[in-house]
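Chemist: Let me begin by handing over the structure; questions about it come next.
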Amino acid sequence: MNLMQTLGLDVPIIQAPMAGAQAGALAAAVSAVGGLGSVGCATLSTEGIRKELEIIRGHTDRAFNVNFFCHEPPLQDDAREAAWRERLGPYYREFGIDASSIPAGPGRAPFSAEAADLLAEAPPKVVSFHFGLPSAGLLARVKSWGSLVISSATTVDEARWLEAHGADAIVAQGVEAGGHRGMFLTDDLSTQIGTLALVPQIVRAVRVPVIAAGGIADAAGVRAVLALGASAAQIGTAYLRCPESTISDIHRDALASDAARHTVLTNLFTGRPARGIVNRFIREVGPMNDAAPRFPLATSAITPIRAKAEAAGSGDFSPLWSGQNATGCQAVPAAELTRELAGL
Ligand SMILES: Cc1cc2nc3c(=O)[nH]c(=O)nc-3n(C[C@H](O)[C@H](O)[C@H](O)COP(=O)(O)O)c2cc1C
């Protein structure tokens with residue numbers, strides 16, 4: 001299958017879905033200039049998703065991608081939650097927060113029958129997933145509409161698994177990538193390798209189109225991954241300072257600063273490893289901590305600390321998601337950045 005032809009793309013650029021950091025406006029801008037815009041839906045309600053899809057459809061009739069997480073939601077573990085709050089106790093005291101008032105909650109929801117019902121009303125060209133694939137029943141529904149199914153692989157084994165279970169294309173997510181590792185067959189971080197090493201190995205291992213992701217920040221990077229056999233480049237971090245993204249000014253400023261040269265994989269903010277800029281919380285408690293509640297339950301304990309710190313202008317307790325190469329981040333409209341990445 002020729003991915004660009006199937007999706008009617010003019011340029012081999014996929015704007016990465018980035019839940020909580022962007023939505024319809026960014027996706028619409030990228031799709032309208034012939035790339036593939038994406039919406040990260042993991043932090044949106046069904047009504048929120050509907051609104052974002054309307055924004056895209058009001059702007060362009062070209063292909064776009066709707067992205068979901070598909071993790072198995074963990075059971076609430078009260079003892080683990082209490083021990084974690086105890087660990088964060090000094091910060092609650094520092095910011096004057098009553099820890100007993102913080103609701104424990106999921107933070108991010110996996111793809112559901114309700115979301116599928118919404119998509120069925122007007123199926124998008126592409127539905128993509130992070131952390132594997134949804135249940136066979138939900139996947140069959142998505143496929144029955146003719147939507148192309150894409151998911152992320154962080155190892156050759158994951159790529160083979162995705163192909164065997166019905167993925168129509170695979171994102172090879174190198175360890176440089178910003179945000180959550182899509183890993184789902186292993187939680188061993190030593191299996192996570194760089195884009196330059198991962199892409200050609202996955203290209204050799206599967207027959208479906210491979211999309212390269214992780215650390216791609218300019219037209220030369222895009223050409224490099226195409227030379228390695230990728231059909232397109234999926235780019236996240238570079239889009240984060242575009243006016244269409246929804247990140248805070250604190251996050252925007254961090255991406256533009258020297259601090260962005262030092263990122264790390266941390267599980268402190270959600271419970272799963274994700275790449276972000278090193279800050280005080282990561283230095284003092286992480287970057288990885290076995291005591292953190294399971295994904296996505298770790299989100300709730302840090303939220304009020306983050307809010308207080310941000311209100312005081314500090315990103316010390318915020319997830320400042322970024323890949324290892326933030327040099328492509330420019331405060332320019334996404335259409336302009338997409339053309340630049342495509343070398344136009
Ligand atoms: C802020 C942020 C949020 C992300 N959220 C998602 C998401 O919701 N779904 C997903 O499939 N990938 C997500 N990713 C990972 C991207 O799909 C992609 O693998 C990554 O951005 C590529 O590396 P780069 O950031 O170096 O360009 C996210 C990445 C970032 C930076």
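The values are calculated or read from the model by the stated rules, or taken from the named source; none is laboratory data. On a predicted model such as this, the values are computed, not experimentally measured, just so you know. Cβ atoms come from the backbone with ideal geometry, glycine included; neighbour counts cover every protein chain shown. What goes into the accessible areas is simple: the full protein's heavy atoms, side chains included, and nothing from ligands, DNA or RNA. Shrake-Rupley method; radii C 1.70, N 1.55, O 1.52, S 1.80 Å.
Chemist: For Ala227, which of the numbered conditions (1) within 13 Å of the ligand (Cβ to nearest atom); (2) closer than 24 Å to Cys329 by Cα; (3) open to solvent by 40 Å² or more (accessible area, probe 1.4 Å) fails to hold?
Modeler: Of the numbered conditions (1) within 13 Å of the ligand (Cβ to nearest atom); (2) closer than 24 Å to Cys329 by Cα; (3) open to solvent by 40 Å² or more (accessible area, probe 1.4 Å), the odd one out for Ala227 is (1).
Chemist: Can you pull out the residues in region 256-275 that are open to solvent by less than 10 Å² (accessible area, probe 1.4 Å), within 12 Å of the ligand (Cβ to nearest atom) and outside any loop (DSSP other than H, G, I, E, B)?
Modeler: Ala260, Ala274, listed by residue number.
Chemist: Which of the residues belonging to region 139-160 are of a type in the set (A, V, I, L, M, F, W, C) and surrounded by 19 or more Cβ atoms within 10 Å (Cβ to Cβ)?
Modeler: Residues satisfying the conditions are Leu139, Val142, Leu148, Val149, Ile150, Ala153, Ala159.
Chemist: Same structure, new question: Take Ala120 and decide whether it is open to solvent by 10 Å² or more (accessible area, probe 1.4 Å), among the small types (Gly, Ala, Ser), touching a residue at least 24 places away in the same chain (Cβ under 8 Å) and not in a loop (DSSP other than H, G, I, E, B).
Modeler: It is true that Ala120 is open to solvent by 10 Å² or more (accessible area, probe 1.4 Å), among the small types (Gly, Ala, Ser), touching a residue at least 24 places away in the same chain (Cβ under 8 Å) and not in a loop (DSSP other than H, G, I, E, B).
Chemist: For region 95-106, check the following and say yes or no: at least one residue is of a type in the set (D, E, K, R), surrounded by fewer than 17 Cβ atoms within 10 Å (Cβ to Cβ) and without any contact (Cβ under 8 Å) to a residue 40 or more places away in the chain. Outline the logic, then answer.
Modeler: Filtering region 95-106 for residues of a type in the set (D, E, K, R) gives 98.
Filter once more, keeping what is surrounded by fewer than 17 Cβ atoms within 10 Å (Cβ to Cβ): 98.
Retained after the next criterion (residues that are without any contact (Cβ under 8 Å) to a residue 40 or more places away in the chain): 98.
So far as region 95-106 goes, yes, one or more of its residues are of a type in the set (D, E, K, R), surrounded by fewer than 17 Cβ atoms within 10 Å (Cβ to Cβ) and without any contact (Cβ under 8 Å) to a residue 40 or more places away in the chain.
Chemist: Would you be able to tell me the number of residues in region 22-49 that are within 14 Å of the ligand (Cβ to nearest atom) and open to solvent by 10 Å² or more (accessible area, probe 1.4 Å)?
Modeler: So the count comes out to 4.
Chemist: Restricting the search to region 50-65, which residues are within 15 Å of the ligand (Cβ to nearest atom) and open to solvent by 20 Å² or more (accessible area, probe 1.4 Å)? It would help to see each step written out before you state the result.
Modeler: To start, the set of residues in region 50-65 that are within 15 Å of the ligand (Cβ to nearest atom) comprises 52, 64-65.
Correct list: Glu52 only.
Chemist: Turning to a different aspect of this structure: Can we say Thr303 is assigned to a helix (DSSP H, G or I), out of contact with any Leu (no Cβ under 6 Å at 6 or more places or on another chain) and touching a residue at least 40 places away in the same chain (Cβ under 8 Å)? Talk me through it step by step, then tell me what you get.
Modeler: Details: assigned to a helix (DSSP H, G or I): yes; out of contact with any Leu (no Cβ under 6 Å at 6 or more places or on another chain): yes; touching a residue at least 40 places away in the same chain (Cβ under 8 Å): yes.
Here the answer is yes, as Thr303 does meet what is asked.
Chemist: Right, next: Identify, from the list Thr154, Thr186, Thr195, the residue that is within 25 Å of Thr270 (Cα to Cα), more than 16 Å from the ligand (Cβ to nearest atom) and touching a residue at least 24 places away in the same chain (Cβ under 8 Å). Explain how you work it out, then say what you get.
Modeler: Details: Thr154 fails: more than 16 Å from the ligand (Cβ to nearest atom); Thr195 fails: more than 16 Å from the ligand (Cβ to nearest atom).
Matching residue, one of Thr154, Thr186, Thr195: Thr186.
Chemist: Further, regarding this structure: Checking Glu284 against (1) more than 16 Å from the ligand (Cβ to nearest atom); (2) open to solvent by 60 Å² or more (accessible area, probe 1.4 Å); (3) in contact (Cβ under 8 Å) with a residue 40 or more places away in the chain; (4) out of contact with any Pro (no Cβ under 7 Å at 6 or more places or on another chain), which test does it fail?
Modeler: For Glu284, the exception is condition (3).
Chemist: Same structure again: Determine which member of the set Ala172, Ala159, Ala177, Ala167 is within 15 Å of the ligand (Cβ to nearest atom) and part of a strand (DSSP E or B).
Modeler: Ala172
Chemist: Something else about it: Name the residue that is farthest from the ligand (Cβ to nearest atom), counting only residues in region 289-310 that are open to solvent by 60 Å² or more (accessible area, probe 1.4 Å) and within 26 Å of Leu26 (Cβ to Cβ).
Modeler: In this case the residue turns out to be Thr303.
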